[in-house]
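The structure under discussion appears below in the form of structure tokens.
The values are calculated or read from the model by the stated rules, or taken from the named source; none is laboratory data. Just so we're clear, the structure is a prediction, and the values are computed from it rather than from any experiment. Cβ placement follows ideal geometry from the backbone for every residue including glycine, while neighbour counts extend to all protein chains displayed. All accessible areas refer to the heavy atoms of the entire protein, side chains included, with ligands and DNA or RNA removed. Shrake-Rupley method; radii C 1.70, N 1.55, O 1.52, S 1.80 Å.
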Amino acid sequence: DALEHYQKSLSFWQQIQAQSDVMFKDTLTAQQFQEREGVLLFYVGLCYCRKADLQPAQNHANWQEAKTYLQKCVSIFQHADRQDLVAKFISQLGQVLRRLCAWQELEILAQNALVIYQNLSQVQGVSLDIQFAQHYGFLAEVALHRQQWQAAKQSAEKALQTLERSLISKPKYQALYLLLLARSQRSLGHLNLAA
């Protein structure tokens, strides 16, 4: 039901944006229309993520749908020059790419996200440690998949170090980064460190 309602809302805002004589045109800017569309695309993507979790038989198709909607979401925010919103929503796309094992796309996304976070941190003075850590974790997973053990180790260590600076405790993420670090250590032959 949620997916149906979000899609109806998305269609509504897209139709209004296409029309020139609608009453909302006087009160909302083009950027505000884009922002509404981007947020709705995000929630449609989230619905497909949930469907993928609940329907294992259609798992891949639902992850692909989620990817499509989340990519559109991020693209709209980039086009609207809303890097703050790109930063807010890009991690979910990374999670979907991870589930799809789309390693090259995930690597590019993570590298781009790190640049966005760095720029936002410098300009707005906002702490984005958890987001930084998450994307270093993505890079560690990509490196593990490619059997680039040293790069995986370095990215996992950066994820852990960045997460330690965060004022918010995220044990779920810490456990994942420790696992990635252990896998890289084991593959490097450092069995005592991996344990």
Where VAL39 falls short, out of the listed (1) in a helix (DSSP H, G or I); (2) surrounded by fewer than 18 Cβ atoms within 10 Å (Cβ to Cβ): (2)
Per-region count, the range 63-84, residues closer than 20 Å to SER11 by Cα and polar (S, T, N, Q): 3
Residue that is nearest to GLY94 (Cα to Cα), among those in the range 134-157 that are among the hydrophobic types (A, V, I, L, M, F, W, C) and surrounded by fewer than 22 Cβ atoms within 10 Å (Cβ to Cβ): LEU144
Unique residue being among the polar types (S, T, N, Q), over 18 Å from GLN78 (Cβ atoms) and in contact (Cβ under 8 Å) with a residue 24 or more places away in the chain when the list is GLN150, GLN131: GLN150
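Table: residues versus (1) open to solvent by less than 30 Å² (accessible area, probe 1.4 Å); (2) under 27 Å from ASP81 (Cα atoms); (3) under 17 Å from the mean Cα position of the chain (by Cα).
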{"site": "LEU106", "(1), (2), (3)": "yes, yes, yes"}
{"site": "PHE132", "(1), (2), (3)": "yes, yes, yes"}
{"site": "ALA159", "(1), (2), (3)": "yes, no, yes"}
{"site": "GLY189", "(1), (2), (3)": "no, no, no"}
Check on CYS49, in a helix (DSSP H, G or I) and modelled with pLDDT of 95 or more: yes
